[in-house]
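One structure is given here, and the rest of the page talks about it.
Just so you know, all these numbers are worked out from the coordinates, no wet-lab data involved. No experiment lies behind these values; they were computed from the predicted model shown. Methodologically, a virtual Cβ is constructed for each residue, glycine included, from the backbone with ideal geometry; neighbour enumeration extends over all protein chains shown.
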Amino acid sequence: MLLAFADESPLAHALAREMDCELAFVETHRFPDGEIKLRLPPTLPPRVVVLRGLQQPNDRLVQLLLAGRTARELGARHLTLASPYLAYMRQDMAFQPGEAVSQRIVVGFLGSLFDRVITIDPHLHRIASLDEVMPGAQGAALTAAPLLGAWIASQWPADSLPLLVGPDEEADQWVRAAGERTGLKGLVCRKTRRGDRDVTVELPAQDITGRDVVIIDDVASTGNTIVQAAAALRERGVASIDVAVVHALFGGDAIERLMQAGVRHVWSTDAVPHSSNVVTVAPLLARAIADCD
Ligand code: R5P
């Protein structure tokens, strides 16, 4: 059985179709003081997959605590969490003495609730796999970059493909993965982050005048990384700028600021529900769920 939440209903239906399994929704209620109440189907089969992305993570972590423990009480013996977007991954070390290493703590917490955690393009910068921070549970980190690569390549004639631009060194992996089967070529910028909303992006010395470019990244949150990359690209005289991200968090007026920065289209996967979704991750998730079974 796939257990999902109403605000992720399109992906839930697509995933249940791919898995060819029963789909049930968790009923949620928020009390006036902010507490959350959940209601699951009263009887569960032995194998249950819970679909919950961790955008707006704080409430959802509590939902997973309640849902995971309750699912076991209701009969689930083997519990998989399919979390297309895993939050708290960027704080992967104590950058200042005394800071909580949120990645280790949050992933460890999920591993204590679920037997398996499957996610897409988590921010694994300083560790090689989820298992390193999830003792006792099985982790699978998938990538949706090839799906974005295929989408991007389908938007241009094969003899005039755009140039992929990774806005920072970490984006090199998505540039490469998107280019693997499509022949898309790319370059990677250098990013300096001074604060949550204060970043600068420097392009490498390479003539890109007149090129169509697509900025590709794992996640866009404030959108500032992309805005700065777009500004640098405009200065170099590119012909067009489009954006492709796996996780379209896009808080506040991020999309408007991207458009003002000269971005033409924003494309994303449905790992996070957003108006820019053009590519579904349902088959990718379903295959991973079946592979681990
Ligand atoms: C960081 O390493 C990520 O890959 C993204 O570049 C970053 O999280 C984007 O954040 P924002 O949209 O707030 O600049």
* Structure fact -> By the C-alpha gyration tensor axes a ≥ b ≥ c (rounded if a/c is under 1.5, else prolate when a/b exceeds b/c, else oblate), the shape of segment 119-237 is oblate
* Asked: Cα extents of the chain along the three principal axes, largest first, in whole Å?
  -> 61, 46, 37
* **Burial ranking of peptide ranges 188-199, 214-225, 252-263, 272-283 (average Cβ count within 10 Å, highest at the top)** => 214-225, 272-283, 252-263, 188-199
* Would you please state the base-10 log of I(q)/I(0) at q = 0.14, 0.15 1/Å for segment 175-293, with intensities from the Debye formula using one equal scatterer on every alpha carbon? => -0.63, -0.72
* To do: Express the relative contact order of the chain as a whole percentage, based on alpha carbon pairs under 8 Å and six or more residues apart in sequence.
  => 13
* To do: Classify segment 62-195 as rounded, prolate or oblate from the Cα gyration tensor: take a ≥ b ≥ c as the square roots of its eigenvalues, call it rounded if a/c is under 1.5, otherwise prolate when a/b beats b/c and oblate if not.
  => oblate
* Asked: If one computes the Cα centroid of segment 19-42 and of segment 115-153, what distance in Å separates the two points?
  -> 26
* To do: Sticking to Cα atoms, compute the Rg of segment 105-169 to one decimal and its Dmax as the biggest Cα-Cα distance, whole number, in Å.
  => 16.6, 50
